[in-house]
Amino acid sequence: MAKSTLMIRMIDIVFILLFAFIAVSQIGSNSAIDPPKSTEAIDSAPDMAHTIVIGVTKEGTYPVDSGNKVLTNIYELKRYLTQKANQTAANGKQLGVRIRANWDSSVEHGMAVARLCRDLGIAKGLDVVKLNGD
């Protein structure tokens, strides 16, 4: 009989300690977590920016203009981006690029586009997507 009453007393002590820790903890204090901010974000109004999407395939090609045009190497892409940057600057806007790499494409291809944008001074963002049917 002594062992069973001792076990009941231990359970009581554990519950009392648990409630004491709950009572003294500061549950109501929450700290705000700020999401990371892009250092390349275009600070101007949305109507002052023009964003283009560049796809990256696993073959290393770059679909642009909603897939209507496919650039086969990074040099063609550099000419395309330079032309677009000049056109948007002539219109008084700033060019931004969204890089959409397919999930099975090589990281090297996506990073090559990111380096190209950095070298040309174009704001960029990188997405990895899986298209239906892939």
Please go through the range 41-64 and pick out each residue that is modelled with pLDDT under 85, surrounded by 13 or more Cβ atoms within 10 Å (Cβ to Cβ) and either assigned to a loop (DSSP other than H, G, I, E, B) or acidic (D, E) (or both).
-> I42
Report, ordered by the first and then the second residue, all pairs with beta carbons closer than 7 Å, sequence separation of six or more or different chains, a first member in the range 66-83 that is free of Cβ contacts under 8 Å to residues at least 12 places away in the same chain, and a second member that is assigned to a helix (DSSP H, G or I).
-> L71/L77; L71/Y80
Give the residues of the range 86-105 that are farther than 19 Å from G67 by Cα and either among the hydroxyl-bearing types (S, T, Y) or part of a helix (DSSP H, G or I) (or both), sorted by residue number.
-> N86, Q87, T88, A89, A90
Give the number of residues within the range 65-81 that are in contact with a Leu (Cβ under 7 Å, 6 or more places away or on another chain) and in a helix (DSSP H, G or I).
-> 5
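The values are calculated or read from the model by the stated rules, or taken from the named source; none is laboratory data. All values derive from a computational prediction rather than experimental measurement. Neighbour counts are summed over all protein chains in view; Cβ atoms, including those assigned to glycine, are modelled from backbone coordinates with ideal geometry.
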